[in-house]
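Chemist: Starting off with a structure, shown below.
Please treat every number below as a calculation from the coordinates, not as lab data. These figures come from a predicted structure and were not determined experimentally. Because the Cβ atoms are built from the backbone with ideal geometry, glycine has one as well, and the counts that use them run over all protein chains shown.
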Amino acid sequence: MSLSAATAVLSSGGVVTFPSPLFDTELLTIYNPLDLWGFNSSYVVAEYLYLLFAAATLSHAWKNSSTSSSLGLWFGCLLSGSIVELFTILSPEIGNFYHTQASVMLIGKTEPLYMLVGCYGGIQYLAVQLAFTAAGDTDTKAGRKLGVTLISGLAGRYLWSLLDIIGAHFLWWVWHESDKLYLAKASGVSAYTANLLSTTYLLAFLAYCNQVPIASSFWILAETASIGFIYSIVRRRNALLVSVTIAVITPLLLNIPFILLYHPFSNNYGHPEIPLYLLEAAAVIAVLLMVRGGHSVSSHRWLFYLAGSFVAINSAIFIAFQDRAGRNLRYSYGEPFTNSSCHGVTELVFWGTAERDRFLCPAKIGSDKLYTLSCLKGPLMEGRWYWLCGVGVSQEAFVEVCIEVLKTSALIFFLFAASLGGKRKII
């Protein structure tokens, strides 16, 4: 029987075929979400909830642009995030992150719409606005500009971590399996945990409490912090200027923490988690020092309701679909796949500064991965588009998600409680 690349024979004897899109151009592809439901129902639910979340944050931005350019902030988050995301996705020198097909895909089926509007536009907007509930007078106080920068980064990192860890376990995307930026994670467990256990219980505990990819966490923290800093300077300007300034400067500014902290600790000492902990600790100190901000009660309460709903919805998705994780199927693009042995075949990336494996092959897909080939019957299709099977959620993974939910909830609760009362401290 001759099969197309979009068709797979399952080890159970069944045959699955990925659906054709309802609308397909180079810039926009639309699938029927009902056709995708049987492959990964959690992804369909998450996609539309994130689109609703994007609409909710955009509505807040529209209604609260009288005293500062919230609308400019929302579009600035969207534009800056899109620039960084699309550059890393589309550039052959990077290309280390591969989305699963959602019902609305952009630019040659490589980028889901929900990621741009819901995660960059929505999550980062909400993170910065939450930070400003504790920021107070950022227009005249330089210390508060630094404080809101750190709190923005911390809020962005924690909110995003829910997507990061749940999406990884539910096969909403995959990473390049040998890219050095993601080697700090293996099957949801920090590759540094064992080493840290032999040195200090404190660092071991911190490693366990940060069970999402180190590079991804640091990147989101740096990017959202950059947006918060820029917004603290230009938020009284018109929306167009705010959005353009954030979009242009953020992709450049976020590299500074990487150059000064992440790469030195990673390359010289082999501990990329340390700069992440340092920035998180600095942000926690900033939260404790700045206990009350300048938003109206009605405005900031709506923000916290939205933040609480975001955490609750992500938690509900995880609880509702965790039993189905091992039955998820993924047909999408990724690291080139071959059935033959691929060990030792490498390529230079990052403009000749890094080396990684060129192909993914069955021999590399072991118990340390969040995907498998066990549900498929060979011979497997080769190329950039291929099928993968989900992996069941382990008890350890369940604990990891619970820790991320608790950390995010604690930050939201503290900012909310602090914004309601207490003396305002000036730093």
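Chemist: Taking springs between alpha-carbon atoms closer than 10 angstrom, which of Ser243, Ser340, Ser42 fluctuates most in the Gaussian network model of the chain?
Modeler: Ser340
Chemist: Next up: Along the Cα→Cβ direction, 7 angstrom out, place labels at Val345 and Trp62. What is the inter-label distance in nm?
Modeler: Placing both labels 7 Å beyond Cα along the Cβ direction yields 5.1 nm.
Chemist: Now for a different question. Applying the Karplus parametrisation 6.51 cos²θ - 1.76 cosθ + 1.60 with θ = phi - 60° to the phi angles of the range 396-404, what ³J(HN,Hα) value in whole Hz is obtained for each residue in order, glycine and proline being reported as x?
Modeler: 3J(HN,Hα) across the range 396-404, in whole Hz: 5, 5, 4, 5, 4, 5, 4, 5, 5.
Chemist: Additional query: Between Trp173 and residues 5 or more places away or on another chain, which pairs have amide H atoms under 5 Å apart, with H built 1.01 Å from N, and which residues are they?
Modeler: Result for Trp173 returns Thr100.
Chemist: May I ask you to compute the full-extension gain from Val248 to Val399, defined as 0.36 nm times their residue separation minus their alpha-carbon distance, rounded to one decimal in nm?
Modeler: That works out to 50.5 nm of additional length.
Chemist: With springs only between Cα atoms under 10 Å apart, run a GNM on the chain and tell me which of Pro251, Pro33, Pro379 wobbles the most.
Modeler: The residue that fluctuates most here is Pro379.
Chemist: Given labels modelled 7 Å from the Cα in the Cβ direction, how far is it in nm from Leu52 to Leu34?
Modeler: A separation of 1.9 nm, rounded to one decimal place.
Chemist: Where does each of Trp385, Trp74, Trp173 land when they are ranked from fewest to most other beta-carbon atoms within 10 angstrom?
Modeler: Trp385, Trp173, Trp74
Chemist: Let me ask something else about it. Residue by residue through the range 18-26, what is 3J(HN,Hα) from phi via Karplus (6.51 cos²θ - 1.76 cosθ + 1.60, θ = phi - 60°)? Round to whole Hz and write x for glycine and proline.
Modeler: In residue order, the calculated couplings are 6, x, 7, x, 6, 9, 8, 10, 5 Hz.
Chemist: Turning to a different aspect of this structure: Would you kindly derive the ³J(HN,Hα) couplings of the range 228-235 from the backbone phi angles with the Karplus curve 6.51 cos²θ - 1.76 cosθ + 1.60 (θ = phi - 60°), listing them in order in whole Hz, with x for Gly and Pro?
Modeler: x, 5, 4, 5, 5, 8, 10, 5
Chemist: Right, next: Starting with the fewest neighbours, write out Ser41, Ser374 ranked by other beta-carbon atoms found within 10 Å of each beta-carbon.
Modeler: Ranked by crowding around the Cβ, least crowded first: Ser374, Ser41.
Chemist: Roughly how tilted is helix 239-253, in degrees to the nearest 10 and between 0 and 90, from the longest Cα axis of the chain?
Modeler: 60 degrees
Chemist: Continuing with this model, one more query. For Ala363 and Asn267, FRET efficiency with R0 = 22 Å and r from the beta-carbon atoms, rounded to 0.05?
Modeler: Efficiency for this residue pair is about 0.20.
Chemist: Going by how many other beta carbons lie within 10 Å of each one, how would you line up Asp179, Asp24, fewest first?
Modeler: Sorted ascending by nearby Cβ count, the order is Asp24, Asp179.
Chemist: How much length is gained on full extension from Ile285 to Ser374, taking 0.36 nm per residue of separation minus their Cα-Cα distance?
Modeler: So the extension gain works out to 27.3 nm.
Chemist: Would you please give the FRET efficiency between Leu90 and Leu260, computed as 1/(1 + (r/R0)^6) with r the Cβ-Cβ distance and R0 = 25 Å, to the nearest 0.05?
Modeler: Efficiency at R0 = 25 Å is approximately 0.35.
Chemist: Let me ask something additional. For the range 315-382, what class follows from the C-alpha gyration tensor (a ≥ b ≥ c being the square roots of its eigenvalues): rounded when a/c is under 1.5, otherwise prolate if a/b is larger than b/c, else oblate?
Modeler: It is oblate, given that a/c is not under 1.5 and a/b is not larger than b/c.
Chemist: Using Cα atoms only, what is the angle between the long axis of helix 297-321 and the major principal axis of the chain, expressed in degrees (0 to 90) to the nearest 10?
Modeler: Value to nearest ten degrees: 20.
Chemist: Between Arg327 and Arg384, with labels modelled 7 Å along Cα→Cβ, what's the label distance in nm to one decimal, could you check?
Modeler: In this crude label model, Arg327 to Arg384 measures out at 3.3 nm.
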